[in-house]
Amino acid sequence: MYRYDEIDQRLVNERVAQFRDQTRRFLAGKLSEDDFRPLRLRNGLYIQRYAPMLRVAIPYGLLTSRQLRTLAYIARKWDRGYGHFSTRQNIQFNWPKLEDVPDILAELARVQMHAIQTSGNSVRNITTDHYAGVAHDEIVDSFVWCELLRQWSTLHPEFSFLPRKFKIAINGSAADRAATFLHDIGLHAVRDAAGETGFRVIVGGGMGRTPIIGHVIREFLPWPHLLTYTEAVLRVYNRYGRRDNMHKARIKILVKALTPDRFREEVEAEWTHLRDGPSTLTAEEIQRVEGRFTRPAYEPLPGDDPEHAARLAAEPAFAAWAKRNVHPHKAPGYAAVTLSLKKTGVPPGDATAEQMDAVADLADRYSQGELRVSHEQNLVLADVRQADLYRLWGEARALGLATPNIGLLTNIIACPGGDFCSLANAKSIPVAEAIQRRFDDLDYVYDIGELDLNISGCMNSCGHHHVGHIGILGVDKNGEEWYQISIGGNQGLTRPGAPAALGKVIGPSFARAQIPDVIEQLIGIYLELRDNEEERFIDVVWRIGVEPFKERVYGGHHQGDERHQRSLAAA
Amino acid sequence: MAVIIKGMNVISDPWQRLEVGADGSLPPLPPSGDIIVPLVLWRQQRDDLLARPGRLGVWLDSNEDPAAIAEDLRLFGVVAVRIPNITDGRGYSIAYLLRERYGWRGELRAFGDVWRDQLFFLARCGFNAFTLREGEDPREALAAFGEFSETYQGSVTPPLPLFRRRHVPSPDGREGL
């Protein structure tokens, strides 16, 4: 965990004071609603369907148990006793009162947290791989680089009113677990032939209304240039990005309009002025930031825990959980554990204050007091001794956080949707629940194997539907909720030459009640057509294309309707 | 006479700013006095503007390129940049470029939709004079320059990022500022 120094703390405190004054001016009638909007949006405060929504930053998804307890306290004191972990590794409170927000921010500041730039057209929370620091295939510890960029982007004077929001992701390992090709800037750590660290710079990816896979504009940027090069990209974007149409204002549209090559030339031309300038990073600064991170103190363990292996053999339910929710760790005898926030009947990513407190206790007892929020909206205890896994499993199960479904169909990513969000065209949460209920047979879900199912309530695609192996998008047709289904999306390396993939829409949209049937049909086709159990749903889609799925779903539509009628009659 | 904030003081503004008409027509030049003219006027009536008595300034709209006046800066008493809307951040980059790339050292003024809430950032990008939007009290707004006591990034002010301004860290990582 990065520990603030005196300056980090002072800046956050000063931001609280500034926002308190802005809120005071608004409540006193000195600022109109229209005036207050751009100010509150620089601080994660939206006015939503029923109440304001406050988005709190969890920089690169890393939290201490103390911070999580504060989030629980906030949920209890100022909200309705729960919070929603988002796909951007942040947490959202859906029911705070506007006049309480300055006090909430002050409470957050006490534990080195804030809501700075969690909304608005600024550089947002930097996201990364939730296994940073513990993965076998690590090249650099991405947390350090995320923190360097967090500081650089925080209260940036020149880039606080960009054409549109700006999302940066850093991946520090060989495998891309941070979706770097789907961000405004993606940075993927690499080493050159001499063993020097640098970053592959990817620009112009993103989801939303116009999903685009990013373009590599630099294969190798030596690490000292990270800030100056990012500054060059941001300056080109700030000056030339479109501002006439918010739907065409993201950097991906500029990159596309200019062409990636022209965009690269613009950036490189700008960079010639900045290169080797004062913002060039120094080894001392990297060491300073590294030194402010607390490091897990690993016990020297000989290797895999023999008792753990014995328990796996003896207890199938534990083995099932371990297979899905326990991940390998670079330290011998340790493991990373995902606590699933995807229990059927609970909105994906939601956690109650009681669960947060309990998870904080688990983190203290089993994972050195730290945890991470994954972009799949789960919580990760990254540093657990294998010898503790069995006890941890028992406790997590009692808390409803041990659903063994990580990587499986029921580990659904979903935005808050029409139940909360004023942008949504349709609800997401009931759709997720209906699918989870339909696939309530765990053995069946295991047989289906790895499958990402992502749901967004509108084109803004906060639920990452474009990169779901199955993606569901809520659309509005004459005031009614409909759902469009796509297949074949993937957030990471898809096959050689394809760093990520966007799903293809299979055809006309469906009514909400039809969705579980359609998903079941898609799965049925997959199970019939797969070559073997190793071939995942997504592999089959790539092998045979969308067409066979489409034919079956729409050809058999009549059947689906009938079945639907029957189920209605039965109800 | 209108007031502006300049150098952290509220003063009356000796300059008159000329605007292009809604139909694109260029305004007539007042016979005397200090004027700030839109870029298009400078481009079309350069010689007339240089010949008239009174000081001359030019203003850029947020979509205009500061490179267009880079060669002429020595002729101006002030350069102004219009902020058409608080959410239009191009003026910050224009200011940065005028200061850092083109070497403008004189008065750099922001006008338009300028709120007290932007002053800290605007000043860091090199603006040193501000015409606030209507309804803002410039004296109350002065406090905004001190809203933050430190900055991470280098920009125009200060030019060095925090990590180059820190003292040598002590072994526990705490800074001795």
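Please enumerate the residues belonging to region A:147-173 that are under 9 Å from residue A:121 (Cα atoms) and assigned to a loop (DSSP other than H, G, I, E, B).
The initial filter retains those residues of region A:147-173 that are under 9 Å from residue A:121 (Cα atoms), namely A:159-166.
Of everything in region A:147-173, those that are under 9 Å from residue A:121 (Cα atoms) and assigned to a loop (DSSP other than H, G, I, E, B) turn out to be A:159, A:160, A:161, A:162, A:163, A:164, A:165.
Out of (1) more than 17 Å from the chain's Cα centre (by Cα); (2) at pLDDT 95 or above, what's the single condition that is false for residue A:495?
Evaluating residue A:495 over (1) more than 17 Å from the chain's Cα centre (by Cα); (2) at pLDDT 95 or above leaves (2) as the failure.
Do we find a residue being surrounded by fewer than 22 Cβ atoms within 10 Å (Cβ to Cβ) and on the phi > 0 side of the Ramachandran plot anywhere in region B:123-138?
Taking every residue of region B:123-138 in turn, at least one turns out to be surrounded by fewer than 22 Cβ atoms within 10 Å (Cβ to Cβ) and on the phi > 0 side of the Ramachandran plot.
Of everything in region B:73-101 that's surrounded by fewer than 16 Cβ atoms within 10 Å (Cβ to Cβ) and of a type outside the set (S, T, N, Q), which residue is nearest to the other protein chains (Cβ to nearest Cβ)?
Only one residue tops the list, namely B:101.
If you go through region A:277-291 one residue at a time, how many are within 7 Å of chain B (Cβ to nearest Cβ), buried (at least 19 other Cβ atoms within 10 Å of the Cβ) and assigned to a loop (DSSP other than H, G, I, E, B)?
Residues that pass the stated criteria total 1.
Which one of A:15, A:37 is touching a His at 6+ places or on another chain (Cβ under 9 Å) and within 10 Å of chain B (Cβ to nearest Cβ)?
A:15
Of these, B:148, B:163, which one is modelled with pLDDT of 95 or more, facing another protein chain (nearest Cβ under 7 Å), surrounded by 22 or more Cβ atoms within 10 Å (Cβ to Cβ) and closer than 30 Å to residue A:290 by Cβ?
B:163
Kindly list the number of the only condition in (1) more than 18 Å from the chain's Cα centre (by Cα); (2) more than 25 Å from residue A:420 (Cβ to Cβ); (3) of a type in the set (Asp, Glu) that fails for residue A:99.
Against the list (1) more than 18 Å from the chain's Cα centre (by Cα); (2) more than 25 Å from residue A:420 (Cβ to Cβ); (3) of a type in the set (Asp, Glu), residue A:99 comes up short only on (2).
Yes or no, residue by residue, for (1) modelled with pLDDT of 95 or more; (2) among the aliphatic types (A, V, I, L, M); (3) closer than 19 Å to residue A:344 by Cβ; (4) within 21 Å of the chain's Cα centre (by Cα):
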| site | (1), (2), (3), (4) |
| --- | --- |
| A:419 | no, no, yes, yes |
| A:426 | no, yes, no, yes |
| A:448 | yes, yes, yes, no |
| A:455 | yes, yes, yes, yes |
| A:479 | no, no, no, no |
| A:486 | yes, no, no, yes |
| A:499 | no, no, no, yes |
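Of all residues in region B:104-126, count the ones that are under 12 Å from residue B:7 (Cα atoms) and facing another protein chain (nearest Cβ under 10 Å).
2
Residue under question is residue A:396, and the condition is that it be in a helix (DSSP H, G or I) and buried (at least 19 other Cβ atoms within 10 Å of the Cβ); does it hold?
Yes.
Within region A:238-251, is there a residue that is more than 31 Å from the chain's Cα centre (by Cα) and basic (Lys, Arg)?
No.
Please work out which residue is farthest from residue B:150 (Cα to Cα), limiting yourself to region A:21-34 and to residues that are away from every other protein chain (no Cβ under 11 Å) and among the charged types (D, E, K, R).
Among them, the one singled out is A:33.
The values are calculated or read from the model by the stated rules, or taken from the named source; none is laboratory data. Just so you know, these numbers come straight off a predicted model, no measurement behind them. Positions of Cβ are backbone-derived with ideal geometry, glycine not excepted, and every protein chain shown enters the neighbour counts.
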